[in-house]
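Scroll down for the structure; my scribbles are underneath it.
The values are calculated or read from the model by the stated rules, or taken from the named source; none is laboratory data. The structure presented is a predicted model; accordingly, all values stated were derived computationally and were not measured. In this analysis, Cβ positions are derived from the backbone assuming ideal geometry, glycine residues included, and neighbour counts consider all displayed protein chains. With ligands, DNA and RNA removed, areas are computed over all heavy atoms of the protein, side chains included. Shrake-Rupley method; radii C 1.70, N 1.55, O 1.52, S 1.80 Å.
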Amino acid sequence: MTDERFAQLERRLQLIEDERAIERMIARYGPLVDAGSDDAADAAAALWAEDGTYDVEGWSMCGRADIAAMVRSPEHQGLIGRGCCHFLGPAVVTVDGDDAVAGCVSALLVQRDGRFAVARAGANHFRLRRIDGRWQITERTTRALDGKPEARQLLSDGVDR
């Protein structure tokens with residue numbers, strides 16, 4: 001095997017490892033916010049960069065403290081106390097060095113009368129950066145898949161790379 005071929009394989013492996021790390025990180029969000037404990041709130045917040053943002057339906061959070069506060073909020077605790085599931089579909093990830101974007105759909109399922117119903121379906125766009133050796137969310141935007149162009153554009157921006 002030539003040095004160039006070996007270097008090419010190393011680059012390909014690093015890309016696969018980066019994509020997988022980001023996919024796993026995004027997949028952790030739902031179980032963490034549904035667990036809702038103090039430790040889970042901190043772990044969910046740690047998915048973001050120190051100054052990372054989360055804009056969901058006009059509610060903007062900036063920084064890990066805001067994310068953790070959302071998980072600990074009476075509204076969120078009430079939601080998980082009644083039974084719910086935050087599900088993020090498989091993410092399409094595009095890595096460019098130490099920066100990446102990802103897109104996926106999500107669903108919030110809530111328990112009603114002993115059955116689960118979709119309370120919200122969303123389009124998600126992530127911007128990520130490798131900081132201190134690990135991938136962190138620098139920006140997440142979520143919009144309802146309600147037929148408006150903004151949500152569809154978020155999906156295009158996340159997967160058409």
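The single residue among A121, A151 that is touching a Lys or Arg at 6+ places or on another chain (Cβ under 9 Å), among the hydrophobic types (A, V, I, L, M, F, W, C), in contact (Cβ under 8 Å) with a residue 12 or more places away in the chain and over 16 Å from E23 (Cα atoms) turns out to be A151. Taking the range 63-77 as the range and being open to solvent by less than 80 Å² (accessible area, probe 1.4 Å) and of a type outside the set (A, V, I, L, M) as the test, the residues that pass are G63, R64, D66, S73, H76, Q77. Residue selection: C85 satisfies the criterion of being touching a Leu at 6+ places or on another chain (Cβ under 6 Å) and more than 15 Å from M25 (Cβ to Cβ). Whether a residue is modelled with pLDDT of 95 or more, open to solvent by 70 Å² or more (accessible area, probe 1.4 Å) and touching a Leu at 6+ places or on another chain (Cβ under 6 Å) was assessed, and F116 passes this test. From the list T94, T142, the one residue that fits, being farther than 15 Å from L47 by Cα, in a strand (DSSP E or B), open to solvent by less than 10 Å² (accessible area, probe 1.4 Å) and touching a residue at least 12 places away in the same chain (Cβ under 8 Å), is T142. A100 falls short of the stated requirement of being under 18 Å from the mean Cα position of the chain (by Cα) and surrounded by fewer than 18 Cβ atoms within 10 Å (Cβ to Cβ).
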